[in-house]
Structure formats: C-alpha cells, structure tokens
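Engineer: First the structure, which I've put down as structure tokens, then a few questions once you've had a look.
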Amino acid sequence: MHKNVFDLPEIGRDSYSVLDRSELSISRLETMQGMISGNSLEHILSCLQANMELLHIKAKNYHWNVSGAGFQGVHGMFDELEDYARQVGDRIAERMRYHCVKVDATAANYLSHAWFSEGNADLDMDGMLSDMCMTLMCIIEKMDEFDGDLATYPVDQSMLQEINEGLGKYCYFVKSNMSHSSGDVSY
C-alpha cells in the first residue's frame, strides 16, 4: 500500500517492470528532505514561512500604531506590506505541502525561526520605518544565502527570487517615507 500519490511507481514504456522501477526509485519526500549544501529544503521553506508570518505581524503592529505627520501614506504602506507578507507566507506554506512538508503554524515555531526582533509600538514613525527597513534588509540577506541552496529546485529558487524582489520593492518604499534628508539608513 502506498502512503501518498508521490510513492506510486511510474508507468513507462521501458523494459523495467512496475515493481523493479518502484524499488529502484527514491521517494520524492526523501529526495526533497535530503541535504542541500547544509540546508534541507524543509528547513529553508520552514524558516521563510515563519519569517513571513512574523513580518506580517510586525507590519500590522506598525500599521495599527504609527502616528505623526505623513501618517496616511505610512499607515497604508504598512498595511500593504502586511498583506504582501501574509500572501507570501501562504504561498510558501502551499509549496511546503507540495513537497509533503508539514507546516508548523504555531507561535513557538515562528519565534524559534525568527531572524529579526518584534515590532516596538512605542517607536515614533521614523523609528518604525528605520526598524522595518532593517528587518526587510535582514530577510533579503537571509534569503540571498539560501538562493544557491535551491539550485537543484528551480521552481522554489525562482519563487524565492521573486519574493526577494518584492521585499526589495517594499524596502525602497519604506526608505522613501523616511524623513531623513538623505533618505539613507545607517547600520
């Protein structure tokens, strides 16, 4: 009996019998969970999904608590970023399920994978923008580290690159809303 459709033997026109082919093949789940340059696909996707959920929470926290001159634009931008992070987190979770990886959607799991600090609602607008800019840059940098690890999984690698491009766009939007005369953030 097969556990899922991915364990079913392939049926082809070659000389191998169905039984021989299933014995020679490695299950898809075992292949996907194998090590890829030190990071398993499961680890990479779990970390990305967790951090997108945490970004969603941080952006919503800032959306609800931002105040000051220019409020409307920044308030709306944080809301858009929150929507983007939520959609991306869901997209990654769906990809995890495609690879037969269970999604651990718990606060404890998300926090154990966190790459950045939680949002501080007591910050002023510039503080929130600066913190969000550093958060986005942190995520982008971490995702860049995983890019090469996904070379054998071109669909996942392309998804990661597309997400990173979107995060870069939001980083630009955040920087452009900062009131610093140079618009630059020092780290």
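The values are calculated or read from the model by the stated rules, or taken from the named source; none is laboratory data. Since the structure is predicted, the reported quantities are computational estimates derived from the model, not experimental observations. Here the Cβ positions follow ideal geometry from the backbone for every residue, glycine too, while neighbour counts run over all protein chains shown.
Engineer: Right, THR152: in contact with a strand residue (DSSP E or B) (Cβ under 7 Å, 6 or more places away or on another chain), polar (S, T, N, Q), in the same structural domain as LEU45 (by TED's automatic domain parsing) and over 18 Å from PHE78 (Cβ atoms) or not?
Structural biologist: Numbers: in contact with a strand residue (DSSP E or B) (Cβ under 7 Å, 6 or more places away or on another chain): yes; polar (S, T, N, Q): yes; in the same structural domain as LEU45 (by TED's automatic domain parsing): yes; over 18 Å from PHE78 (Cβ atoms): yes.
In short, yes.
Engineer: May I pose another question? Looking at the range 46-73, which of the residues that are of a type in the set (Gly, Ala, Ser) and in a helix (DSSP H, G or I) is nearest to ASP131 (Cα to Cα)?
Structural biologist: Within the range 46-73, the subset of a type in the set (Gly, Ala, Ser) is 46, 50, 59, 67-70, 73.
Still in the running and in a helix (DSSP H, G or I): 46, 50, 59, 73.
On the way: SER46: 24, ALA50: 19, ALA59: 11, GLY73: 17 Å.
So, considering only residues that are of a type in the set (Gly, Ala, Ser) and in a helix (DSSP H, G or I), the one nearest to ASP131 (Cα to Cα) is ALA59.
Engineer: Here are some conditions: (1) under 14 Å from GLU53 (Cα atoms); (2) free of Cβ contacts under 8 Å to residues at least 40 places away in the same chain; (3) crowded, with 17+ Cβ neighbours inside 10 Å. GLY89 meets all but one. Which one does it not meet?
Structural biologist: So the condition that GLY89 fails would be (2).
Engineer: Looking at the structure I just gave you, is MET125 more than 22 Å from HIS43 (Cβ to Cβ), surrounded by 19 or more Cβ atoms within 10 Å (Cβ to Cβ) and assigned by TED's automatic domain parsing to the domain that holds ASN65? I'd like the intermediate steps shown before the answer.
Structural biologist: Working: more than 22 Å from HIS43 (Cβ to Cβ): yes; surrounded by 19 or more Cβ atoms within 10 Å (Cβ to Cβ): yes; assigned by TED's automatic domain parsing to the domain that holds ASN65: yes.
In short, yes.
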